[in-house]
Amino acid sequence: MLAQLVLSALLSAILLYAWTEYRRAPAIGFAAVLAALGGLYFVWVPSHATALAEIAGVGRGVDLILYIWVVISLLIVLNLHLKLRSQMELLTQLAREVAILKASFKQSV
């Protein structure tokens, strides 16, 4: 019972955060709201997670949830990596343009 209360509190905090972030990133906010609501449902009705795991061919509901969590985490890491790489390329391009402008300014003076 204590674990259910702690997990419910954490998932409720995620739900609240996702709801506030919905305006800035609707797709991410909506996905986070769905994930938090799904998490709350499976925390309070774990037998449905086990039934869903059996349909998917996984032994236990907890295993299925962990597998899904790993996939979601990997997708998030990949997304962050791609955004960081894009930012670094943009920064490199900006630095090159500033260097060229400084060099051409020094030549004209």
Check on A49, closer than 19 Å to L11 by Cβ and touching a Gly at 6+ places or on another chain (Cβ under 6 Å): yes
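Tell me the residue from S47, S104 that is over 24 Å from the mean Cα position of the chain (by Cα), in a helix (DSSP H, G or I), modelled with pLDDT under 95 and under 22 Å from Q4 (Cβ atoms), please. Give the steps one after another, and end with the answer.
Working: S104 fails: under 22 Å from Q4 (Cβ atoms).
Residue meeting the stated conditions: S47.
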Output for segment 48-102, where each listed residue is of a type in the set (K, R) and within 21 Å of A36 (Cα to Cα): R60
Residue check for L82: modelled with pLDDT under 95 and among the aliphatic types (A, V, I, L, M): no
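The values are calculated or read from the model by the stated rules, or taken from the named source; none is laboratory data. Please read these numbers as outputs of a predicted model, since none were measured by experiment. Cβ: placed from backbone, ideal geometry, glycine included. Neighbour counts: every protein chain shown.
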